[in-house]
Amino acid sequence: MSRTLRLLKDEITYSKAQREEVNILHRLQYYSRQNEFFTRLSGNRDWIKAVIAHHLGLPSTDLCQVADVEDWLHGSFNVCVPVSINRWEPRTQSGSRVLLRFPLPYRLGEEFRPGNSDEKIRCEAGTYAWLGENCPNIPIPRLYGFGTSDGETVRRSLSPQATL
């Protein structure tokens, strides 16, 4: 009987891995690295609340409630942490929930190419700004701000007409 190894979304055996045309060795690390990264983020809930409060201009982090890890949204390259805002005044959107999005460093090669995650953040923020200015009919999420690993932060003015 073949031993089964855990991947992110399923399992794989050696015989199946031989037939794959991708590097399974990298994929075998994703499950444990995702768990490590999510655990690290979950352990920094106070920091997440502080980031949200800063970018939204909230008077207190007590207004923020970070969702449980099971409710986080993730794909191949990002994880979005839902944060509910209690008594959010004045808000510039409908609803009282925002998403704090993080690139997944283990998927971007951050370990052997430091700076890849920051570059991804800058490029995506630039794309949002460009789309907002040049293609106003294309619906995009509202970007309140962004930050990079070196401490650089950009905070959007909360006036409805403001752009990054």
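The values are calculated or read from the model by the stated rules, or taken from the named source; none is laboratory data. All values reported here derive from a predicted model rather than from experimental measurement. Note: ideal-geometry Cβ built from the backbone for every residue, glycine included; neighbour counts use all protein chains shown.
For segment 142-162, the criterion of a residue being assigned by TED's automatic domain parsing to the domain that holds residue 54, surrounded by 12 or more Cβ atoms within 10 Å (Cβ to Cβ) and in contact with a Cys (Cβ under 7 Å, 6 or more places away or on another chain) is satisfied by no position.
When residues of segment 68-88 are filtered for being over 30 Å from residue 5 (Cβ atoms) and crowded, with 18+ Cβ neighbours inside 10 Å, how many remain? Residues in segment 68-88 being over 30 Å from residue 5 (Cβ atoms) and crowded, with 18+ Cβ neighbours inside 10 Å: 2 in total.
Do we find a residue being free of Cβ contacts under 8 Å to residues at least 24 places away in the same chain and more than 30 Å from residue 8 (Cα to Cα) anywhere in segment 65-79? For segment 65-79, residues free of Cβ contacts under 8 Å to residues at least 24 places away in the same chain and more than 30 Å from residue 8 (Cα to Cα): absent. Among the residues making up segment 40-60, those that are under 18 Å from residue 117 (Cβ atoms), out of contact with any strand residue (DSSP E or B) (no Cβ under 6 Å at 6 or more places or on another chain) and either surrounded by fewer than 11 Cβ atoms within 10 Å (Cβ to Cβ) or touching a residue at least 24 places away in the same chain (Cβ under 8 Å) (or both) are 40, 41, 51. Which residues, counting only those in segment 89-115, are more than 23 Å from residue 67 (Cβ to Cβ) and surrounded by fewer than 16 Cβ atoms within 10 Å (Cβ to Cβ)? 90, 109, 111, 112, 113, 114, 115 - these are the residues of segment 89-115 that are more than 23 Å from residue 67 (Cβ to Cβ) and surrounded by fewer than 16 Cβ atoms within 10 Å (Cβ to Cβ).
Where helices (runs of 4 or more DSSP H) fall entirely within segment 1-99, those with at least 3 residues that are under 20 Å from residue 144 (Cβ atoms) are at 45-56.
Only one entry of 102, 38, 77 meets the criterion of being more than 19 Å from residue 142 (Cβ to Cβ) and assigned by TED's automatic domain parsing to the domain that holds residue 150, and that entry is 77. Contact map, segment 1-14: residues that are farther than 17 Å from residue 107 by Cα paired with residues that are assigned to a loop (DSSP other than H, G, I, E, B), Cβ distance under 6 Å, separation 6+ or inter-chain. Pairs shown: 13/2; 14/2.
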